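Each value in this text was obtained by applying a stated rule to the coordinates, not by laboratory testing. In this text, all values refer to a predicted model and were calculated from it rather than measured experimentally. Positions of Cβ are backbone-derived with ideal geometry, glycine not excepted, and every protein chain shown enters the neighbour counts.
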Amino acid sequence: MNTQKTKNGLIPSVPVIKILGGLLLLLSFAFILSGCSASKLKIAEYDFVYNGTKYTLRSAYCPDNPNSCNSLIGQKFVAVDENLDGIIDKVIKGKIALSKAQEIYDYSLNMLKRQGGLKEIDKSSKEYTRKKSGYVFSIKSFFSEENPFNQFKIIDKTGLPGSYKESVYVDKGADGKLDEVLKDGFLRKTAQQMYAETISAGLKESKLIKKDGIILVK
C-alpha cells in the first residue's frame, strides 16, 4: 500500500496554492531566491513514498520571479513542472519517462489535495480553450526561439455528474502532430483528431496563429 510522510514523519496541515490546475506547496519557512525577497518567496518540501520508493516534491514560488517551479526528486532523477500547471515539463537530471514522472507527480499532488489545503491564485498564461459535447479541449503554447511546443489537454465530463477524466499530450514541434503522451485516456488517433479539430477552430477564431508550419496560441 502506498504511504506518505514529511521530513518529521507526520502529515502537517500544509497550505497549498492551486495555479491553473496545478499545485504549489507553501510552508512557513522561506529564503532568498534571485530577484525575490525572503518576504515574498515561499519554499517547501514534501517527502512521500510511492510503490515502495521514496521521493521528494520541492516547491518554490515568488510572484516576481519566472523561475518559480515544482521539482519532483527521485533517487536517480529530477523532473520539473516549470509553470506550476500540474504537468511535468521535462527531466533535468537522470532518466525517467515523462509519463512515469507524471504518474508519480499526480500521486503526490493528490495526496496533498486530500489534506484540504487548496487555494486559487491568478497566474495568466496564453491558452486556448474550447468546449464541445461534454469535453473541454485546451492548447497551451510554450514559447522558445528554438523549440516552441504545445500541450494539448482533454477533459472528459461525459461520465457521472461531478466527475471527469483528464488526458494530456505534447506536440513537441508545435506542428500539429502529437508526439508524446503524459496522461492517456484516448487512442492516439482519436486524440490527434481532437487536436486537429481544436486547432482548426482556434485558427478560425483567430485565437491561434500558424506561421512556417508552427501553430501557437496568440
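At R0 = 25 Å, how high is the FRET efficiency between T190 and N110 if r is their beta carbon distance? Nearest 0.05 is fine. Write out the running numbers ahead of the final one.
Values: r = 26 Å, r/R0 = 1.03.
Computed FRET efficiency for T190 and N110 comes out at 0.45.
Toward the positive end of the charge dipole of the range 127-217, about the Cα centre and with charges on Cβ (Lys, Arg +1; Asp, Glu -1), which of S133, Y164, S200 goes farthest?
Most positive-ward Cα: S133.
Between their Cα atoms, which of K93/K218; K165/K207; K165/K211; K113/K218; K76/K207; K93/K207 are more than 30 Å away from each other?
Numbers: K93/K218 32 Å; K165/K207 25 Å; K165/K211 33 Å; K113/K218 32 Å; K76/K207 41 Å; K93/K207 35 Å.
Correct reply: K93/K218; K165/K211; K113/K218; K76/K207; K93/K207.
Once you put a point 7 Å from the Cα of S133 and another 7 Å from the Cα of D179, both along the Cβ direction, what distance in nm separates them?
Between S133 and D179, the simple spin-label model gives 3.0 nm.
Under a point spin-label approximation (7 Å from Cα along Cα-to-Cβ), what is the E103-K76 distance to one decimal in nm?
Computed distance between label sites E103 and K76 equals 1.5 nm.
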